[in-house]
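The values are calculated or read from the model by the stated rules, or taken from the named source; none is laboratory data. Not measured: the values here are computed from a predicted model. Here the Cβ positions follow ideal geometry from the backbone for every residue, glycine too, while neighbour counts run over all protein chains shown.
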Amino acid sequence: MTGLVYKDLMVMKKTLLIYVIIGAFYGYLDISNGRTGMMFAMLLITSTMIPISAIAYDERCKWDKIVNTAPVSRKEVITAKYLLALVLTAISAVMVFIVYLFKPGMTISENLATVAVMSLMAMVYQAFLLPTIIKFGSEKGRMIMMIILFAPIVLIGVLAKQEIINLSVLSDFLESNSHLLPYITVAVVAVIYLISIMVSVKIYESKDL
Amino acid sequence: MNNAIEIKNLCKNYPAFNLKNVNITLPKGYIMGFIGANGAGKSTTISSLLGLVNTDGGVCLIDGKEMRYMNKAEKAQVGVVLDECNFPEVLNWKQVDKFMKKIYSTWDSESFSDRCKNWGLPEKTIVSKYSKGMKMKLAIAAAMCHGAKLLVLDEATSGLDPVVRSEILDILMEFVQNEEHSVFISSHIISDLEKICDYITFIKNGEIIFTAEKDSLTEKYGILRCSNSDFEAVDKNAVIAYNRNSFAVDALVDRSKISGDYIIDKASVEDIMLYYMKEGKI
């Protein structure tokens, strides 16, 4: 399986380099403006767009056909894509961390917390994105992803506004258990990620290549 | 001893096309050519054999086992070349070597490098800059460098010039010198297959028309040439298909069913396939 991740990193080497350069530029902007938004965007884009591009490259040369005749299972092919996403999240996280070291007034613990939150959010995004791309292909998947991404946010917003659901119950719970919040968040993200891997494997296993 | 390939009653249904009860057996140590027109079901059969598509019935065994249930060592004994080079186009063969040896524990880097060099593949040129022939050579080199005992090639020679095709055929001939090694190759360039194959399987509209030893095919069938009036006297059970013009008839016939004094020419595998595809079938 490491061979598969290694192959994707080799294929995406140039793209990754470009993202790092853009990241450095964004980092400069964030530091000079005293904001965090640009770096977050950079992390999100690097850790999700590169796996999608890797899948798009695979589609173009019909790599899936040949890799599935090699000594790897379909489960491994998919797990490798998630591993790639995690490796890229880690690379981007390190980069954001380094940039924030130069940010005036930001302590190391604040820096770590910010990077951790960004990484977890990126993982949630990947967890929804990857099964969609694997099911519908990289072209259609990107479009469908936009809908999937915004639909729940809009839906919750509308329902909360109509007072059909009461978000204050959730926020009250979180406030009263704020010391547990980091653990709950990590656990929830981990569960979402694992479910996502399982769903993707299922989709891929039933696919005609 | 298991057969290299054993496909039994394979069925696969698509909205516009069906594979119907495909049966193919390839003993070890031989080359089988899989022929048929475009869209006849060659690639679907091969995809089913390799476990790339879900089937709707039947089994496809390679050395007695379905590909999807094989362990890693068993899977490494199957080398596959599809109709295009399936390696990422932005890499060169050195880089292909680097990740393939992490995927195959049996990968032989030295033999892969030797082949690539001998076959004139430039070290630093990326795959997208390769010619079609170079791409296929890369794919074949990769398929042969992890201890494969069976090579499955799907249209691997189509689109190549005769010199490269002939080189590839030589490589395959050399591969089966080891009697544990077998080759299953599909193509619509029948003259190529005629040169190297021991067995020929012909598929038409998703159905196997025949699967037999090449020599027995050319012995069994012949091309009968006679006048229209003489043709009337020929036993129609012996005739597979015919061409008629205002002066004469030429027909693909089963030699064993023909009695009488007729001129029967030798039929090549290509002739046999073309006649089988003719409209004028009886």
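A few remarks follow.
- Top-ranked residue of segment B:213-230 - restricted to ones that are of a type in the set (S, T, N, Q) and free of Cβ contacts under 8 Å to residues at least 12 places away in the same chain, ranked as farthest from B:ILE35 (Cα to Cα): B:SER229
- Subset of segment A:33-64 [within 29 Å of B:GLY147 (Cα to Cα), in contact with a Ser or Thr (Cβ under 8 Å, 6 or more places away or on another chain) and surrounded by fewer than 19 Cβ atoms within 10 Å (Cβ to Cβ)]: A:GLU59
- Candidate set: segment B:48-69, residues that are more than 7 Å from chain A (Cβ to nearest Cβ) and β-branched (Val, Ile, Thr); chosen: the one nearest to B:LEU121 (Cα to Cα): B:ILE62
- Check on B:ASN23, farther than 22 Å from B:ASP215 by Cα and in a strand (DSSP E or B): no
- The criterion of being closer than 30 Å to B:VAL81 by Cβ and either of a type outside the set (D, E, K, R) or more than 11 Å from chain B (Cβ to nearest Cβ) (or both) holds for A:ILE52.
- Hits in segment B:122-140 (condition: without any contact (Cβ under 8 Å) to a residue 40 or more places away in the chain and either crowded, with 22+ Cβ neighbours inside 10 Å or not assigned by TED's automatic domain parsing to the domain that holds B:ASP63 (or both)): B:LYS137
- Scanning segment A:129-142 for residues that are touching a residue at least 40 places away in the same chain (Cβ under 8 Å) and more than 13 Å from A:MET49 (Cα to Cα) yields a count of 4.
- The listed residue being aliphatic (A, V, I, L, M) and touching a residue at least 60 places away in the same chain (Cβ under 8 Å), out of A:ILE78, A:ILE22, A:ILE18: A:ILE78
- Exclusive hit being basic (Lys, Arg) and surrounded by fewer than 14 Cβ atoms within 10 Å (Cβ to Cβ), set B:LYS257, B:LYS214: B:LYS257
- Unique residue being buried (at least 21 other Cβ atoms within 10 Å of the Cβ), small (Gly, Ala, Ser) and either more than 14 Å from chain A (Cβ to nearest Cβ) or not in a strand (DSSP E or B) (or both) when the list is B:GLY39, B:GLY33: B:GLY33
- Here B:LYS124, B:LYS72 are screened, and the one residue that is at the interface with chain A (Cβ under 9 Å from one of its Cβ atoms), more than 16 Å from B:ALA143 (Cβ to Cβ) and out of contact with any Ser or Thr (no Cβ under 6 Å at 6 or more places or on another chain) is B:LYS72.
- Residue count for segment B:265-279, restricted to those that are surrounded by fewer than 20 Cβ atoms within 10 Å (Cβ to Cβ) and either not charged (D, E, K, R) or not in a helix (DSSP H, G or I) (or both): 8
- In segment B:227-282, the residue that is modelled with the lowest pLDDT out of those that are within 29 Å of B:ASP198 (Cα to Cα) and among the basic types (Lys, Arg) is B:LYS281.
- Complete set of residues in segment B:171-212 that are farther than 29 Å from B:CYS145 by Cβ, of a type outside the set (Val, Ile, Thr) and not in a loop (DSSP other than H, G, I, E, B): B:PHE202, B:LYS204, B:GLU207, B:PHE210, B:ALA212
- Note on segment B:75-102: among residues that are buried (at least 18 other Cβ atoms within 10 Å of the Cβ), among the acidic types (Asp, Glu) and under 19 Å from B:ALA156 (Cα atoms), the one that is nearest to the other protein chains (Cβ to nearest Cβ) is B:GLU84.
- Sole exception among (1) closer than 18 Å to A:THR69 by Cβ; (2) buried (at least 20 other Cβ atoms within 10 Å of the Cβ); (3) not small (Gly, Ala, Ser) for B:LEU19, by number: (1)
- Filter result (in contact (Cβ under 8 Å) with a residue 24 or more places away in the chain and touching a Ser or Thr at 6+ places or on another chain (Cβ under 8 Å)) within segment B:231-269: B:ASP235, B:VAL249, B:LYS266, B:ALA267, B:SER268, B:VAL269
- A:ARG60 vs. criteria at pLDDT below 85, over 25 Å from B:SER105 (Cβ atoms), out of contact with any Lys or Arg (no Cβ under 8 Å at 6 or more places or on another chain) and charged (D, E, K, R): no
- Take the conditions (1) within 14 Å of chain B (Cβ to nearest Cβ); (2) over 19 Å from the mean Cα position of the chain (by Cα); A:ASP8 misses just one of them, which is (2).
- Selection of first residues in segment B:142-154 that are more than 9 Å from chain A (Cβ to nearest Cβ) and touching a residue at least 60 places away in the same chain (Cβ under 8 Å) and of second residues that are charged (D, E, K, R) and assigned to a loop (DSSP other than H, G, I, E, B), restricted to Cβ pairs under 6 Å at least 6 apart or on distinct chains, gives the following pairs, ordered by first then second residue: B:LYS149/B:GLU180; B:ASP154/B:ASP83.
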